[in-house]
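Shown next, in structure tokens, is the structure this report addresses.
What follows draws every value from the coordinates through simple rules; no lab data is involved. Keep in mind it's a predicted model, so treat the numbers as computed, not measured. Please note: Cβ atoms are built from the backbone with ideal geometry, for glycine as well, and neighbour counts cover all protein chains shown.
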Amino acid sequence: MKNNRSRSDAVFLETQLGIVTRTGDWFHTTSDQIEEFVPGLLDERSLDLLVEEAIAWVRSADSLALTILLGLLIFIHPILAVTVAIAFHFFWYRSKSAFVTIYLGKLLKLMNTDGYLLVTSLVVISFLGMDGQYMAAGVGLVFFFLMKLGLLKMLWDKIDEGSSDELSLNDRVFKMVLTKYAMHYDKSPEGVQNMEQKFVELATSRKAKKD
């Protein structure tokens, strides 16, 4: 184990096999490897903030899908709204690393907060109930708890467990976060691309220890 900077105690723990977050997500890299492949990046952007941003992207499927569902429930049939929201959740879960940007990451951190999710859900579900759309209000409430518990993400994670030879979805996100900040601070993004094998090696080592 390593001692981490400032707020990191509440957010993640760094081990020899990578970084594990408070929510149980793994990123298979270490601060030493980041410093090796992108020298100076951690001086510009702390590991705490890099991990927080990666977590925001990992969790973003839940908050975005819930926001989309709540908006659609006002205008279309609840079954169609749920179908679109679940389809989007799966698409974003699989493809979010392709959309990683520095500024959108900051927005996602806000959207992932309990305050945003609770207030948005409360306003929309209350409106639907007062408007007599009880089925839509019930669907919104159920979907809120589904997203809050991360059950859809757990399902997709279970389906994705078989791809042991590839970079995990979490690691793809973290690699893209590092790449974007390396470019932003005029570091070498080519070095980040070379980290992929290290990600895979640590992931394989962790799985071997679990077995």
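Per-residue 3J(HN,Hα) values for region 47-64, derived from phi via the Karplus relation 6.51 cos²θ - 1.76 cosθ + 1.60 with θ = phi - 60°, read 4, 3, 6, 5, 5, 4, 5, 5, 4, 4, 5, 4, 7, 5, 4, 5, 5, 5 Hz in sequence order (x marks Gly and Pro).
Relative to the longest principal axis of the Cα atoms of the chain, the long axis of helix 102-111 makes an angle of roughly 50 degrees.
A cut-off of 5 Å between modelled amide H atoms, ignoring neighbours fewer than 5 places along the same chain, links L167 with no other residue.
The slack in the chain from Q33 to V119, taken as 0.36 nm per residue of separation less the alpha-carbon distance, amounts to 27.0 nm. For region 86-211, a Kirkwood radius taken over Cα pairs fed into Stokes-Einstein (4 °C, viscosity 1.567 mPa s) yields D = 75 µm²/s.
To the nearest 500 deg cm²/dmol, what mean residue ellipticity at 222 nm is calculated for the chain from DSSP H runs of n ≥ 4 alone, each contributing -39,500 (n - 2.57), summed and divided by the residues? Don't skip to the end; give the middle numbers.
Working: 12 runs with 148 residues, N = 211.
When only DSSP H runs of four or more count, the value is -22000 deg cm²/dmol.
Packing, taken as the mean count of other beta carbons within 10 Å per residue, orders the peptides 130-137, 180-187 from highest to lowest as 180-187, 130-137. Pairs from the table (K106/K153; K106/K207; K109/K148; K106/K187) lying more than 26 angstrom apart at Cα are K106/K207. Whole-Hz Karplus values for region 140-149 come out as x, 5, 4, 5, 4, 5, 4, 6, 4, 7 Hz, taken residue by residue from phi with 6.51 cos²θ - 1.76 cosθ + 1.60 and θ = phi - 60°; glycine and proline positions read x.
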